[in-house]
Amino acid sequence: MALSTTKAQQRWKVRNQDKVNESMRNYKKLHPERHRAHSAVAYALKTGKLVRPDECEDCGRYDEWNGQSLGTIESHHVDYSRPLDVEWFCKECHNEERNETYGWNTI
């Protein structure tokens with residue numbers, strides 16, 4: 001049985017921690033405002049200042065459907081200078097929003 005992409009990615013990260021750390025350092029240098037915004041959301045979620053909703057703001061999908069996980073509802077920054085002003089999307093809608101906002105072609 002083949003590993004799921006997520007499990008394969010997790011194993012790769014464990015085996016290549018030095019590459020992961022270098023990539024994270026480079027991201028912080030290239031995109032300091034984005035990094036601060038992402039960190040602010042993570043901290044606000046941890047401390048309860050923000051609460052991750054159970055459904056996507058765009059399509060209304062829930063985190064779970066019939067006992068099957070649809071993946072975590074993700075935060076989306078419209079403006080990184082306002083780090084706690086986020087929209088909440090499922091992975092599919094988040095990718096569509098990124099493509100519309102930034103012209104990114106995400107999978």
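The table that follows gives values for the structure above.
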| read-out | value |
| --- | --- |
| Region 71-107, residues that are buried (at least 16 other Cβ atoms within 10 Å of the Cβ), in contact with a Leu (Cβ under 9 Å, 6 or more places away or on another chain), modelled with pLDDT of 90 or more and assigned to a loop (DSSP other than H, G, I, E, B) | none |
| Unique residue being more than 22 Å from Cys93 (Cβ to Cβ) and either modelled with pLDDT of 95 or more or not hydrophobic (A, V, I, L, M, F, W, C) (or both) when the list is Arg25, Arg61, Arg52 | Arg25 |
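The values are calculated or read from the model by the stated rules, or taken from the named source; none is laboratory data. Worth saying up front: this structure is predicted, and the values here are computed from it rather than measured. Note: ideal-geometry Cβ built from the backbone for every residue, glycine included; neighbour counts use all protein chains shown.
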